[in-house]
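Notes follow once the structure below has been shown.
The values are calculated or read from the model by the stated rules, or taken from the named source; none is laboratory data. Note that this is a predicted model, so its numbers are computed, not measured. Cβ placement follows ideal geometry from the backbone for every residue including glycine, while neighbour counts extend to all protein chains displayed. Ligands, DNA and RNA are stripped out before the accessible areas are found, and what is left, the full protein with its side chains, is counted by its heavy atoms. Shrake-Rupley method; radii C 1.70, N 1.55, O 1.52, S 1.80 Å.
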Amino acid sequence: MTNRVGQFSQILLIRLYAAAASFLLTLLLGRLLGPSEFGAYVFAMGWVSIAVLFTTFGFHHFAIRAIPPLIVRDRMPEAMGVVVFATVAITLLALATTLFARMNLGLFATDPALHGAVAAATLLLLPRSWNLLRTGVLQGLGHPVAGQVPERLLEPTLLLIAIGTIYLAGWPVSVESVLYLTLAAMIASLFLGMAALVRALRRIVVRPAFGNCVEWVRGAFKSSLVFAAGTVLGATDVVMLGLLSTPEETGIYGVAARFFLLMGLPFHAAGVYLSRPAAVCYANSDKAGLQAIAAKSSSRTLVACIGLAVPSTIAAAFVEQIFGSGFAPASLAIVLLVWTRVALSVFGEPSAFLANTGHVGRVSMVMLFGAVLNIILNAILAGPFGAMGAAIATALSYSAMTLLMTRFLENFLEIKAFSASLLLQAIKGDRR
């Protein structure tokens, strides 16, 4: 357990650094571009996150679940087959999606002024997809920290240095130039992260076996449903604001969303922390081990969220001074999103628990419900209420989804995601 606790802390620190870099990047871009142009950037990146659904097909998440049991059963050829098959599939899908998007820009942006940003963003799809697969394979091989470093440390650092240099030099900048710099940072992190991947793959480097390709595709498809619902859930507000409201409101919400992403870091760290050990405990029918992991992940998520919520709330009061003129309306949306995350943190990360214990289908259904609910609420609220309407829709959708998954966790695994006594015991154990 000590090693997994260390991994949780390391992963959380890495993601905190990435969030800090993202905040600095948002600050610089807000001042360089203003609410409208920054809204175009956020809109384009929102479409990238959705397009990645089609380029990865869930193979990066499938690798996390599929590789560990194959290694435990000493089926190295199949483990290597998963890696090779996923690499080829993702490459072909990314190239096809990029070509389709560039030939049909009008489908992704009704405003012709946004076409340039969307066109530049399509170039991010292939390196983004490869980076996600590398992270998934490393996590499946038991190296979650190494998997996070290129994307969470190297890439944001390189991009922040580039944008910071432009800001300090006073050079003009456009949405397209920022996206090209993002592409360069992605490619650099991809190559810099290859060394850790090669070292990790040495334990399974044998002639790959592809006898279960059909099962792999089915498993990836199930994983893609979870990933798709989660991505749509996260990108709906930005995309629908861009379609139903104004670029200014999209930019304002883009700032508020940075705080929401910051508050999501403990949840992501908990998911990475528990994914492999939960799969192992489930394979060994170790119910006590599963409950212990649930209590530990819940306590860490709660404490970390409270620690992040306090400075975030203070920053919300000075949002215009921090991010520049025109961003003041983001304040209320920030407070709502931040404290929604705190309230939900007591349940830990039930979706990761279910997904890694044989209940991917149920997670898919709940995530799909949350995504549909988010779309409906944004359709109702985003147009008339702008950024605040999108924030309300997001808060309600995430709350409903978390409560449903917590209920499933208790019903199907008999694991309590939330229990005051278990949380207190886990927190006391952490202090010791």
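Using a probe radius of 1.4 angstrom, the carbon and sulfur fraction of the accessible surface of the range 70-122 is 71%. Helix content alone sets the calculated 222 nm mean residue ellipticity of the chain: runs of n ≥ 4 DSSP H residues at -39500 (n - 2.57) each, divided across all residues, give -29000 deg cm²/dmol. Placing dummy labels 7 Å off each Cα toward the beta-carbon, the span from residue 213 to residue 343 is 4.9 nm. Taking the range 305-340 and a reference point 7 angstrom along Cα→Cβ of residue 24, no backbone N atom is nearer than 13 Å. Taken one residue at a time, the phi angles of the range 77-90 give Karplus couplings (6.51, -1.76, 1.60, θ = phi - 60°) of x, 5, 4, 5, x, 4, 5, 5, 4, 5, 4, 5, 4, 5 Hz. Gly and Pro are set to x. Solvent exposure of residue 287, expressed as accessible area, is near 100 Å², computed with a probe of 1.4 Å over the protein chains only.
Using a 1.4 Å probe on the protein heavy atoms, what percent of the accessible area of the range 258-411 belongs to carbon and sulfur? List each step's numbers first, then the result.
Numbers: 4100 of 5630 Å².
So the carbon and sulfur contribution to the accessible surface is 73 percent.
Taken one residue at a time, the phi angles of the range 197-210 give Karplus couplings (6.51, -1.76, 1.60, θ = phi - 60°) of 5, 4, 4, 5, 6, 4, 6, 10, 6, 9, 5, x, 10, 10 Hz. Gly and Pro are set to x. Average accessible surface for the chain: 41 Å² per residue, computed with a 1.4 Å probe over protein heavy atoms with every protein chain in place. Per-residue 3J(HN,Hα) values for the range 274-280, derived from phi via the Karplus relation 6.51 cos²θ - 1.76 cosθ + 1.60 with θ = phi - 60°, read 9, 4, 6, x, 5, 5, 5 Hz in sequence order (x marks Gly and Pro).
Can you give the FRET efficiency for residue 161 and residue 201, using 1/(1 + (r/R0)^6), R0 = 25 Å, r = Cβ-Cβ distance, to the nearest 0.05? Can you show the working numbers first?
Working: r = 30 Å, r/R0 = 1.20.
Calculated transfer efficiency: 0.25.
Which log10 I(q)/I(0) values does the range 120-213 give at q = 0.12, 0.20, 0.25 Å⁻¹ under the Debye formula, counting every alpha carbon as one identical point scatterer? Each listed q corresponds, in turn, to -0.47, -0.96, -1.22. For residue 58, nonlocal amide neighbours, meaning residues 5 or more places apart or on other chains whose placed amide H falls under 5 Å from its own, do not occur.
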